[in-house]
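Peer 1: Pasting a structure below so you can have a look.
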Amino acid sequence: SRAWRGLIEEYRDRLPVSTTTPVVTLLEGGTPLLPARRVSEITGCDVHLKIEGLNPTGSFKDRGMTVAISKAVEEGAKAVICASTGNTSASAAAYAVRAGLRCAVLVPRGKIAMGKLAQALVHGAKLLQVEGSFDDCLEMTRKLAENYPIALVNSVNPHRLQGQKTAAFEIVDALGDAPDVHCIPVGNAGNISAYWMGYKEYADDGLATKRPRMLGFQASGAAPLVSGAPVTHPQTIATAIRIGNPASWRLAEAARDESGGGIQAVTDRQIAAAYRLLAQEEGVFVELASAASVAGLLTAHEQGLLTPGERVVCTVTGNGLKDPDWAISGAPSPVTIPIDAYAAASALGLA
Ligand code: F0G
């Protein structure tokens, strides 16, 4: 085995790069595909977690960003801009530093997790908090990129989805074939579209014998792809997927229909329960939005949508450390004790 070279080098012949494209990388990709013992037990399926929170900035966004920023540099951009519920801004800010580009990000004020805000700021991005939703931010960002010399790195930039499709390649490379079912959170709907592109590409080229059913999950208060109409005031504790009018709407519907899958809603309560299950029974700390894939799998199991023994992959999209406020708010308060081993023993119930 040899050192991982970042996903552009690993999958160069499947990405829109040439020998002259400057590769901007933080050695993203190559994330673990972890067997999930407890979730497998509950569902009777062979469940694996694709742990995307172990990318360099703590989410899957790095896969798209390495390609989008490399192409922006190749095309002569001096500055990049994105709208974000947090993770895209963190990733754009880091890759912009790497590339020597200026970076501007628009986020919905008060609706992004603290860790993500910290990341954008520490990497020196210009951060604008908009008094509106993510959808408002995206619309503004599109206009700015149209009218000013600044490159858009949201997933409406097709290079982003090209990078993100590599997660599907890694899964097939690790399992030896595609899974039967792939569960994934859906917000702006780029990632489900990217995975489907990746699975199709590998199957078309004979590197997989099948393609999975794509099961996408939105939060019930922000589920336009389930209701079929945009949501004006999306609401959910999973701020990363608090999106009412997804940019990749049509692509996500195509992924759903071509794969024989579905896009369903999970409640905030189900998301929070899956978040705790992952933390307390799998040892995997994800952010709330990421737990939507597992919440959805458990729902699909209860609805009888799974055949026992099927192989399932759930993408867990972001790291739990992104949102320490939520993690702490649900946990028991720590106990304070003096410098005294007996006090420790008695607090631990040992004495
Ligand atoms: N999970 C996390 C942790 C996310 O940050 C996002 C999207 C998604 C899931 C949904 O992926 O949008 O491709 O359907 N976050 C974007 C952002 C919107 O700005 O960071 P999607």
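All of the numbers you see were taken from the coordinates with simple rules; none came from a lab. Just so it is clear, the model here is predicted, and its values are computed rather than measured. Note that we place each Cβ from the backbone using ideal geometry, even for glycine, and neighbour counts take in every protein chain shown.
Yes or no, residue by residue, for (1) within 16 Å of the ligand (Cβ to nearest atom); (2) over 20 Å from residue 256 (Cβ atoms); (3) in contact with a strand residue (DSSP E or B) (Cβ under 6 Å, 6 or more places away or on another chain):
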| residue | (1), (2), (3) |
| --- | --- |
| 151 | no, yes, yes |
| 177 | no, yes, no |
| 185 | yes, no, yes |
| 201 | no, no, no |
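Peer 1: Within the stretch 213-236, how many residues turn out to be under 27 Å from residue 115 (Cβ atoms) and surrounded by fewer than 17 Cβ atoms within 10 Å (Cβ to Cβ)?
Peer 2: Matching residues across the stretch 213-236 total 2.
Peer 1: Could you please tell me which pairs satisfy a Cβ distance under 6 Å, a separation of 6+ or placement on different chains, a first residue in the stretch 34-53 that is touching a residue at least 60 places away in the same chain (Cβ under 8 Å), and a second residue that is among the acidic types (Asp, Glu) and more than 16 Å from the ligand (Cβ to nearest atom)?
Peer 2: 36/282; 38/281; 38/282; 45/310
Peer 1: What's the number of the condition residue 240 fails, among (1) away from the ligand (no atom under 13 Å from the Cβ); (2) hydrophobic (A, V, I, L, M, F, W, C); (3) in contact with an Asp or Glu (Cβ under 7 Å, 6 or more places away or on another chain)?
Peer 2: Just one mismatch for residue 240, condition (1).
Peer 1: If a residue must be surrounded by 10 or more Cβ atoms within 10 Å (Cβ to Cβ) and not in a loop (DSSP other than H, G, I, E, B), how many such residues does the stretch 326-340 contain? Steps first, please.
Peer 2: Going residue by residue through the stretch 326-340, those that are surrounded by 10 or more Cβ atoms within 10 Å (Cβ to Cβ) are 326-328, 330-331, 337, 340.
Okay, now just the ones that are also not in a loop (DSSP other than H, G, I, E, B), so 326-328.
Within the stretch 326-340, residues that are surrounded by 10 or more Cβ atoms within 10 Å (Cβ to Cβ) and not in a loop (DSSP other than H, G, I, E, B) number 3.
Peer 1: Do we find a residue being part of a helix (DSSP H, G or I), away from the ligand (no atom under 13 Å from the Cβ) and under 15 Å from residue 215 (Cα atoms) anywhere in the stretch 157-173? Write out each step before concluding.
Peer 2: Of the residues in the stretch 157-173, the ones part of a helix (DSSP H, G or I) are 158-164, 166-173.
From what's left, away from the ligand (no atom under 13 Å from the Cβ): 158-159, 162, 166, 168-173.
So of that shortlist, the ones also under 15 Å from residue 215 (Cα atoms) come out as 168.
Within the stretch 157-173, one or more residues are part of a helix (DSSP H, G or I), away from the ligand (no atom under 13 Å from the Cβ) and under 15 Å from residue 215 (Cα atoms).
Peer 1: Against the conditions (1) under 30 Å from residue 204 (Cα atoms); (2) out of contact with any Pro (no Cβ under 8 Å at 6 or more places or on another chain); (3) crowded, with 19+ Cβ neighbours inside 10 Å, where does residue 315 fall short? Just the number, please.
Peer 2: The failed condition is (2).
Peer 1: Consider the stretch 262-273. How many of its residues are under 19 Å from residue 192 (Cβ atoms) and either within 13 Å of the ligand (Cβ to nearest atom) or of a type in the set (Lys, Arg) (or both)? Even if it seems obvious, please write down each step before you answer.
Peer 2: In the first step, residues of the stretch 262-273 are kept if they are under 19 Å from residue 192 (Cβ atoms); the result is 262-266, 270-271.
Okay, now just the ones that are also either within 13 Å of the ligand (Cβ to nearest atom) or of a type in the set (Lys, Arg) (or both), so 263, 266, 271.
So the answer is 3.
Peer 1: Quick one: in the stretch 75-93, which of the residues that are small (Gly, Ala, Ser) and within 13 Å of the ligand (Cβ to nearest atom) is surrounded by the most Cβ atoms within 10 Å (Cβ to Cβ)?
Peer 2: So the first thing to find is which residues in the stretch 75-93 are small (Gly, Ala, Ser), and the list is 76-77, 79, 83-84, 86, 89-93.
Those left that are additionally within 13 Å of the ligand (Cβ to nearest atom): 83-84, 86, 89-93.
On the way: 83: 29, 84: 29, 86: 29, 89: 31, 90: 32, 91: 34, 92: 32, 93: 27.
By that ranking, first place goes to 91.
Peer 1: Does the stretch 184-197 hold any residues that are more than 12 Å from the chain's Cα centre (by Cα) and surrounded by 24 or more Cβ atoms within 10 Å (Cβ to Cβ), and which are they? Show your work before the answer.
Peer 2: First, pick out the residues of the stretch 184-197 that are more than 12 Å from the chain's Cα centre (by Cα): 193, 196-197.
Passing the criteria: 193, 196.
Peer 1: Does residue 219 satisfy the condition of being over 20 Å from residue 313 (Cβ atoms), within 13 Å of the ligand (Cβ to nearest atom) and touching a residue at least 60 places away in the same chain (Cβ under 8 Å)? Steps first, answer last, please.
Peer 2: Working: over 20 Å from residue 313 (Cβ atoms): yes; within 13 Å of the ligand (Cβ to nearest atom): yes; touching a residue at least 60 places away in the same chain (Cβ under 8 Å): yes.
So residue 219 fits the description; yes.
Peer 1: Can I ask one more? Pick out the one residue from 259, 248 that is surrounded by 19 or more Cβ atoms within 10 Å (Cβ to Cβ), more than 15 Å from the ligand (Cβ to nearest atom), more than 28 Å from residue 324 (Cβ to Cβ) and in contact (Cβ under 8 Å) with a residue 40 or more places away in the chain. So that I can check it myself, show each step before the final result.
Peer 2: On the way: 248 fails: more than 15 Å from the ligand (Cβ to nearest atom).
Exactly one of 259, 248 is surrounded by 19 or more Cβ atoms within 10 Å (Cβ to Cβ), more than 15 Å from the ligand (Cβ to nearest atom), more than 28 Å from residue 324 (Cβ to Cβ) and in contact (Cβ under 8 Å) with a residue 40 or more places away in the chain, namely 259.
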